[in-house]
Amino acid sequence: MPFLEEALTVLLNAEKEALRKKGEARAEAEEILERARRDFQKEREARLRAVREQAQAVVEAAEQAAGTEVRQIVRLAQQETDEMTRRFQTHAQEVVEAVVEETAEEYVRRGVR
């Protein structure tokens, strides 16, 4: 019987050791899994941050381009307004004189009453 008791003790100790190692392996696996989750989350956050920064840069570039275009349109509109004003000032007197002359000729032709 001592042999059976010794064999049973060895088997029980082996089972306890196997359960302990199984528990350690499970804990280590959970730790590895948690570390992988944290690493994945950090990488995801870094990618999102990079995408946000890139999007912000695109928006800023678009705003600058739009501002430049608006300034150019305003400048061109001002130039056109200035040119129309200059042409009006240059030709207004001639137009007024021509209208007055045509009106006077019409009165003369009809006979002034």
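Coordinate-derived values only; no laboratory data. Just so it is clear, the structure is predicted and the values come from calculations on it, not from any experiment. Glycine also receives a Cβ, built like all others from the backbone with ideal geometry; neighbour counts cover every protein chain displayed.
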*asked:* What translational diffusion coefficient, to the nearest whole µm²/s, does segment 40-102 have by Stokes-Einstein, given a Kirkwood radius computed over alpha-carbon pairs, a temperature of 20 °C and 1.002 mPa s viscosity?
replied: 131 µm²/s
*Phi to ³J(HN,Hα) by Karplus 6.51 cos²θ - 1.76 cosθ + 1.60 over segment 76-85, Hz, x for Gly, Pro*: 5, 5, 5, 4, 5, 4, 4, 5, 5, 4
_Euclidean distance between Cα centres, segment 80-107 to segment 1-19, Å_ = 121 Å
*Give me the net charge of residue 95's neighbourhood, meaning all other residues with Cβ under 15 Å from the Cβ of residue 95; Lys, Arg count +1, Asp, Glu -1.*
-2
_Computed from the coordinates I sent, Rg/Rh (Cα atoms, Kirkwood Rh) equals one of [x] 1.05; [y] 1.93; [z] 0.97. Tell me the label._
[y]
*Each residue of segment 31-36 in turn: what ³J(HN,Hα) in whole Hz from Karplus with 6.51, -1.76, 1.60 and θ = phi - 60°, glycine and Pro shown as x?*
5, 4, 4, 5, 4, 4
*Which value in nm describes the separation of the simple spin-label points at residue 12 and residue 88, placed 7 Å from the Cα toward the beta carbon?*
11.2 nm
*Provide the net charge surrounding residue 23, with neighbours chosen by a C-beta distance below 13 Å and charges set as Lys +1, Arg +1, Asp -1, Glu -1.*
-1
_Compute, for the chain, the length of the dipole vector about the Cα centre, with Cβ point charges of +1 (Lys, Arg) and -1 (Asp, Glu) only. Units Debye, rounded to 20._
280 debye
*With unit charges on the beta carbon (Lys/Arg positive, Asp/Glu negative), name the residue among 84, 99, 72 whose Cα is farthest towards the positive pole of the charge dipole of segment 72-113.*
99
_Can you compute the helix-only [θ] at 222 nm over the chain? Use -39500 (n - 2.57) per DSSP H run of at least 4 residues, normalise by all residues, nearest 500 deg cm²/dmol._
-37000 deg cm²/dmol
*For the residue pair residue 40 and residue 70, what label-to-label distance in nm results when each label sits 7 Å from Cα along the Cα-to-beta-carbon direction?*
4.5 nm
